[in-house]
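A short worksheet on the structure shown next.
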Amino acid sequence: MFTSLQNVKQLINVERKLMENLKTYIDYEQERLEDIKLYNSPAAAMANPLVSFTLIKRLHSEWLNVVYSNEALENLQLRSGYEEEEADLPKMEDLQGAAKGLMRLQDVYALQVSSLVRGLFRRVADGKATDVYMPVVSTLLSGDDCFLVGKVAYEQEDYYHSVPWLEESVRLFRLAGGKWSPENEGTLEDALDHLAFSHFKTGNISYALSLSYELLHYPTNGRVLLNVEKYEKLLVAAETTRSVGLRRPTSTYLTTRDVYERLCRTQGSQPIHFENPRLYCDYFTNNNPALLLLPVKREVLSLQPYVVLYHDFITDREAEDIKGFAQPGLRRSVVASGENQTTVEYRISKAWLKGSENCIIGKLDQRISMLTGLNVKPPYGEYLQVVNYGIGGHYEPHFDHATSPSSPVFKLHTGNRVATFMIYLSSVEAGGSTAFIYANFSVPVLKKAAVFWWNLHRNGRGDADTLHAGCPVLIGDKWANKWVHEYGQEFHHRCSLNPEE
């Protein structure tokens with residue numbers, strides 16, 4: 001066919017079309033690159049947990065899949081560059097933690113999975129859809145993104161979460177025509193397989209069988225054939241066709257979960273609680289001469305337990321400096337577990353800052369002492385703790401004071417934690433409230449503000465009404481805690497003549 005000039009002209013036209021297709025592809029990839037640059041900015045990652053999740057996933061698995069794919073075998077420069085940075089990349093633990101964080105946000109704020117997949121933070125109540133938060137920078141999740149979240153839940157036998165995430169994964173893979181990309185970890189076949197078994201475990205045998213029939217169109221293994229046979233036999237027995245439905249997994253704070261989540265969703269708006277006429281706002285000096293010319297704006301939030309909010313406690317410059325000082329020392333968080341300490345999933349990292357090492361910390365300690373009248377210098381006050389919350393980061397319901405004689409709190413030999421002073425270093429646009437479970441109210445996060453409460457009654461017994469939790473952070477990241485101990489307060493916070501007080 002190539003013996004005439006006419007044939008050559010045809011080939012030129014064919015190549016021109018191919019080049020146009022190539023240009024379209026390059027333009028598309030350029031748009032993707034610009035999106036990645038936008039999403040990878042620190043502000044974007046901090047402003048949206050979906051952006052943070054996709055960033056962690058890309059760095060953990062997608063780049064790995066691309067670098068070691070058959071398509072990149074000859075690109076030695078790409079591989080060597082990747083290996084140089086590999087030690088600093090997220091680990092599987094980080095990726096799984098990010099997935100669990102998204103599921104936690106889904107639960108606590110009743111977010112629709114179908115909305116999260118489209119980059120929206122939306123919940124439906126009484127048939128009405130409400131946007132919990134409108135991010136400045138958003139991102140769409142892929143079928144592979146959803147497959148990862150569903151798989152994390154699946155491996156924990158948490159089918160309550162695996163089903164909706166895997167259903168979205170199957171839908172998105174189907175929309176893509178089942179095409180596989182080098183960066184993908186899963187496929188449509190994988191998603192169907194996991195979804196079928198998830199429905200089987202929840203008692204939805206007929207749907208599990210339907211999905212398994214679809215799996216038979218793929219090069220399959222004997223296990224799928226056995227599952228089809230098993231599901232068909234189960235459907236014959238009428239008593240096994242009843243679905244048990246999707247049930248949320250149990251948790252360590254199951255008895256307080258409903259109250260906790262309700263308080264988190266209202267984000268500090270409990271009008272019944274704040275209608276108490278004994279609650280008030282004022283300019284507060286605590287009879288301290290240093291505060292006479294510049295009193296602090298105080299808002300009494302609760303009398304039992306006694307909780308106070310101090311507005312504009314810290315300046316923007318001080319907050320940024322504290323975050324900068326804490327950054328090098330941030331470590332994975334631990335909590336007391338009997339006489340030991342164990343790492344936990346729900347807090348990402350923390351750092352302790354000594355006042356002797358930094359004049360700003362010393363000034364804050366002095367300011368706290370003026371407001372509270374307490375001796376906050378070590379060892380009577382612990383070092384300032386800066387906490388960095390990750391995706392869905394939260395504190396489960398707990399007391400700040402020790403409830404066991406073997407608690408690490410007593411290792412300082414200065415008694416129990418009599419009071420808590422919590423400083424908000426960052427503005428948290430959504431989530432992050434402090435929920436007081438038994439007292440039935442929550443405190444929203446206000447940048448530069450601080451919250452103070454007594455953990456112990458004057459007789460030294462723990463105040464049960466101070467049971468509190470840190471609601472998952474949707475948008476935002478850091479704040480600081482200062483705990484004050486009993487010893488050293490003998491002349492600052494005296495005991496009452498009433499032993500029951």
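The values are calculated or read from the model by the stated rules, or taken from the named source; none is laboratory data. Small disclaimer: the values here were computed from a predicted structure and weren't measured. In this analysis, Cβ positions are derived from the backbone assuming ideal geometry, glycine residues included, and neighbour counts consider all displayed protein chains. Just so you know, the surface numbers come from the protein's heavy atoms only, side chains and all, with ligands and any DNA or RNA stripped out. Shrake-Rupley method; radii C 1.70, N 1.55, O 1.52, S 1.80 Å.
Set side by side, the residues 202, 139 differ, and just one is in contact with a Ser or Thr (Cβ under 8 Å, 6 or more places away or on another chain), in contact (Cβ under 8 Å) with a residue 60 or more places away in the chain and not hydrophobic (A, V, I, L, M, F, W, C), which is 139. Pairing each residue of the range 296-321 that is under 18 Å from residue 425 (Cα atoms) and touching a residue at least 24 places away in the same chain (Cβ under 8 Å) with any residue that is part of a strand (DSSP E or B) and small (Gly, Ala, Ser), provided the two are 6+ apart or on different chains, yields C-beta distances under 8 Å for 309/450; 310/450; 313/450; 314/450. Is there a residue in the range 238-255 that is at pLDDT 80 or above and either over 33 Å from the mean Cα position of the chain (by Cα) or in a helix (DSSP H, G or I) (or both)? The answer is no, given that none of the residues of the range 238-255 is at pLDDT 80 or above and either over 33 Å from the mean Cα position of the chain (by Cα) or in a helix (DSSP H, G or I) (or both). The residue that is most open to solvent (accessible area, probe 1.4 Å), counting only those in the range 419-449 that are aromatic (Phe, Trp, Tyr) and farther than 18 Å from residue 386 by Cβ, is 438.
Taken over the range 401-418, residues that are open to solvent by less than 10 Å² (accessible area, probe 1.4 Å) and within 27 Å of the chain's Cα centre (by Cα) amount to 0.
Scanning the range 93-125 for residues that are assigned to a helix (DSSP H, G or I), over 14 Å from the mean Cα position of the chain (by Cα) and among the small types (Gly, Ala, Ser) yields 114, 115.
Could you grab me the full set of residues in the range 351-375 that are of a type in the set (Val, Ile, Thr) and either closer than 17 Å to residue 425 by Cβ or without any contact (Cβ under 8 Å) to a residue 40 or more places away in the chain (or both)? If the condition is that a residue be of a type in the set (Val, Ile, Thr) and either closer than 17 Å to residue 425 by Cβ or without any contact (Cβ under 8 Å) to a residue 40 or more places away in the chain (or both), then 360, 361, 368 are the ones that fit.
Selection of the range 442-474 for residues being touching a helix residue (DSSP H, G or I) at 6+ places or on another chain (Cβ under 6 Å) and under 20 Å from residue 393 (Cα atoms) yields 442, 469, 471, 472. From the list 185, 168, the one residue that fits, being among the charged types (D, E, K, R), crowded, with 21+ Cβ neighbours inside 10 Å, touching a residue at least 40 places away in the same chain (Cβ under 8 Å) and touching a Leu at 6+ places or on another chain (Cβ under 8 Å), is 168. The single condition among (1) modelled with pLDDT under 60; (2) more than 22 Å from the chain's Cα centre (by Cα); (3) of a type outside the set (Phe, Trp, Tyr); (4) open to solvent by less than 30 Å² (accessible area, probe 1.4 Å) that residue 338 does not meet is (4). Picking from 160, 82, 154, which residue would you name as being crowded, with 20+ Cβ neighbours inside 10 Å and hydroxyl-bearing (Ser, Thr, Tyr)? Among 160, 82, 154, only 154 is crowded, with 20+ Cβ neighbours inside 10 Å and hydroxyl-bearing (Ser, Thr, Tyr).
Does residue 403 meet the test of being in the same structural domain as residue 471 (by the TED database) and modelled with pLDDT under 90? So residue 403 fails the test. Of the set (1) surrounded by 14 or more Cβ atoms within 10 Å (Cβ to Cβ); (2) at pLDDT 85 or above, all apply to residue 281 but (1). Being open to solvent by 10 Å² or more (accessible area, probe 1.4 Å), free of Cβ contacts under 8 Å to residues at least 40 places away in the same chain and out of contact with any Pro (no Cβ under 9 Å at 6 or more places or on another chain) holds for only one residue in 490, 500, 486, and it is 490.
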